[in-house]
Structure formats: structure tokens, C-alpha cells
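See below for the structure under consideration.
The values are calculated or read from the model by the stated rules, or taken from the named source; none is laboratory data. Since the model is a prediction, treat every value here as computed from it, not as a measurement. Cβ placement follows ideal geometry from the backbone for every residue including glycine, while neighbour counts extend to all protein chains displayed.
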Amino acid sequence: MTFFEATCTAPVNIAVVKYWGKRDTSLILPTNSSLSVTLSQDQLHSKTTIRASADFTSDRLWLNGIEESIEKNKRLVACLRETRALRAQIEAKDESAPKLSGLKIHICSENNFPTAAGLASSASGYACLVYTLSKLFELPLNASDLSIVARQGSGSACRSLFGGFVAWEMGEKEDGSDSRAVQVAPETHWPDLQALICVVSDEKKGTSSTEGMQLTVKTSALLQHRIKNVVPKRMEEMIAAIHNKDFPRFAELTMQDSNQFHAVCLDTYPPIFYMNDISRAIIRIISEYNKDGIKAAYTFDAGPNAVIYAPQQNMREIYAILSHYFPGHAFEDSLGLKKNDTVHALP
Ligand code: PMV
């Protein structure tokens, strides 16, 4: 059997200015710009292998070892359609280029962490899918161009095409050609900043981000205030804090933005709750820890799990405090604290 194959990995990113709300649900155009930190590949990542062959009779997908339907997944279909069209352009120009755009493909993707538990699995998953397709099809696109395709799989995925600190500029155009990710600073810019993932629950979340966002856009007046009056200034301030490596300002903005995102969820009708009692206890612990000066920042996505950002020198102490409040054997397992380590804060 002749085949063409590519394998890639892509990391998770965790937003410090959150994306929540679409102005166009099929192109996935957001109602506000957002900004995230891409975590190290050594910890949470997706790994995808894609093979194209004339012997395949249909496109097929295996996610964490289980076969899933491609046809039912409109966003995956959109990513395939876009990348195949770009490959077809190459083949039209260059007669000697192998005819890959017409071949069926098999996709095999795995996450090394719980899928759909608010740990940004769709971000790394779609970034990995689009990046692997671009390698398979040898597309001459840069990361920002690819982010436009990845965005159509899952909005937050566009930011995982870059390492370091990444902004997703919402853009203005109706066709989405200016709604793309750009790197604000590379991963080498602020090596002292670390992220700790606290796995409060690894269950699948109740309300998907797609459903949740649509309901928020329809019903929340607070979202409209956030879009117009809060995020544009916050983006500027966050970029300045990152450039200046100003941790207290970075942390304050991160926590305020997480709080406002969850307030917007509460303002949705009927309300959406992503945090649980343990998430709220983590907020209280970090707030108390910051009483005499900001030493850590918490942030929560569409799930109960916390991500704590802090300078390296504070991490051991934060780890000790969290293990004091949330003792448990899964927690003991991750003691040798590494960059971007995972804390299992299960009670
Ligand atoms: O890309 P989605 O549809 O999984 O949405 C992600 C939304 C948040 O994680 C809550 C915020 C963000 O900017 O990543």
C-alpha cells in the first residue's frame, strides 16, 4: 500500500483574557479578542497522525482509540475542506506534485489528559489536526495563516499554533480573513512564569462551550458591557504587563478576567455554572495568599479545573498550600514539581 503520512503534537493554551461569544457561528468569529499562554508540550498535548492513501475508501477518525463519525462533525469537515482546497491549488500549479487532495484520509488523535473537561482539549486537538494536515499536504502557510483554518475547528485552537503569549485578534471582516492568532511574545520571553494545573474533576463538562456561548450571546447584558467596555482596554493592559514581565499586573488582570467570564456565565439565562465548591475554595485560598502582595493568579475555563500562574519561586509554596487543603493520594503522585505540573486536587 502506498501512503503519505504525517504525525505532529500540539500543546494546550489557557486564556488570560477569555474568548466567550461568537458573532458568526459557522466561521467561528468571536465577539471579542482574547489572549492566552501556550503551555509546554511536555505536559498537556494532543498527538495526531494522518495518513492519506488511494487504498482508503472513506475518511475516518479515531479519537483516543475510539472511532468517531467525521460527517456529523461540521467543523472537522470544514478544516478538511479548507486544507484540501489549498492542496488542490498546489497540484494545479505544479504537475509533479503528488495528487493528495483527492485521496481519502485516516486520522488518529490522542490527548494525554481528560478530553472535554475544561482543559482546552479542543484547542490542542484542532490545532494539531490542522498543523498535521498542513504537513501532510505541504502547505506553504505560516502559523497565523493556519490559525485561520484552526479557528474554524474550535475558536481557541487558533492560539495553540504559536508558543508563548498569543493574541487572537477578533478582526472586522465578514469573511474572517483578519480573525487570526498573532504571537505577542515567544515562550523564551518570560521563563520564570509557570503554570500549575489543578484537576478538580476530570468528568466531561455539562454545558459545551458552543452551547454556552450561544445562550450567553442571546441573553446576557453583562456580555455586551464586557465586549464594548472591558476587553479592548484589558487586551492592551495585558499585552503591556506581558512585555514588562509585570507579574502583579498580569495576575490581577488574569483573575479579574476569569471572574468576569464566570459572572457572564451566571448572567446567562438560564445560568451556566462551570466552577464548583472546590474551584471557589481555590479562589479563596489564592486570594488569601495574595493578601500582602500578588504572588499567584488563578483562572478557570469552561469547567471546574483551576490553572494557577505564578513566578517559579512561589510554586513550591503554592503546591504545599494546595496539598494541605486538598490532601489525597492522586495528589501525592505528582510531588516532584516540574514546569506545568498537574495537581490532582480531588478531595
Ligand atoms: O474554543 P472553545 O469553543 O473550546 O471555547 C473556549 C472558551 C474558553 O476556554 C472558556 C476561553 C478561551 O478563551 O479559551
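So the values come out like this:
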quantity	calculated
Test for residue 215: is it within 15 Å of residue 193 (Cβ to Cβ), touching a residue at least 40 places away in the same chain (Cβ under 8 Å) and surrounded by 15 or more Cβ atoms within 10 Å (Cβ to Cβ)	no
Of the criteria (1) more than 13 Å from the ligand (Cβ to nearest atom); (2) among the basic types (Lys, Arg); (3) in contact (Cβ under 8 Å) with a residue 24 or more places away in the chain, which one residue 316 fails	(3)
Near pairs, Cβ below 6 angstrom, 6+ apart or cross-chain, from segment 99-110 (of a type in the set (Lys, Arg)) to any residue that is at pLDDT 95 or above	99/91; 104/56; 104/58; 104/59
Number of the exception - residue 109 against (1) under 26 Å from the mean Cα position of the chain (by Cα); (2) more than 19 Å from residue 160 (Cα to Cα)	(2)
Residue check, residue 80 closer than 16 Å to residue 151 by Cα, assigned by TED's automatic domain parsing to the domain that holds residue 138, outside any loop (DSSP other than H, G, I, E, B) and under 16 Å from the mean Cα position of the chain (by Cα)	no
Strands (runs of 3 or more DSSP E) completely within segment 1-49 that count 3 or more residues being in contact (Cβ under 8 Å) with a residue 40 or more places away in the chain, in contact with a helix residue (DSSP H, G or I) (Cβ under 9 Å, 6 or more places away or on another chain) and within 12 Å of the ligand (Cβ to nearest atom)	13-17, 34-38
Subset tally (residues that are among the acidic types (Asp, Glu), at pLDDT 95 or above and in a helix (DSSP H, G or I)) for segment 259-316	2
Residue within segment 181-198 that is at pLDDT 95 or above and either over 19 Å from residue 39 (Cβ atoms) or within 14 Å of the ligand (Cβ to nearest atom) (or both) present	yes
Of residues in segment 136-163 being in a loop (DSSP other than H, G, I, E, B) and aliphatic (A, V, I, L, M), the one nearest to the ligand (Cβ to nearest atom)	141
Segment 164-178 residues that are in contact (Cβ under 8 Å) with a residue 24 or more places away in the chain and in a loop (DSSP other than H, G, I, E, B), paired with ones that are more than 16 Å from the ligand (Cβ to nearest atom) and of a type in the set (Asp, Glu) (beta carbon under 9 Å, 6 or more apart)	164/187; 170/178; 171/178
Considering residues of segment 61-76 that are of a type in the set (A, V, I, L, M, F, W, C), touching a strand residue (DSSP E or B) at 6+ places or on another chain (Cβ under 9 Å) and assigned to a strand (DSSP E or B) only, the residue nearest to residue 112 (Cα to Cα)	63
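To keep it simple, each residue is scored yes or no on (1) surrounded by 18 or more Cβ atoms within 10 Å (Cβ to Cβ); (2) closer than 30 Å to residue 272 by Cβ; (3) not aliphatic (A, V, I, L, M).
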site: 83; (1), (2), (3): yes, no, yes
site: 94; (1), (2), (3): no, no, yes
site: 104; (1), (2), (3): no, no, yes
site: 109; (1), (2), (3): yes, yes, yes
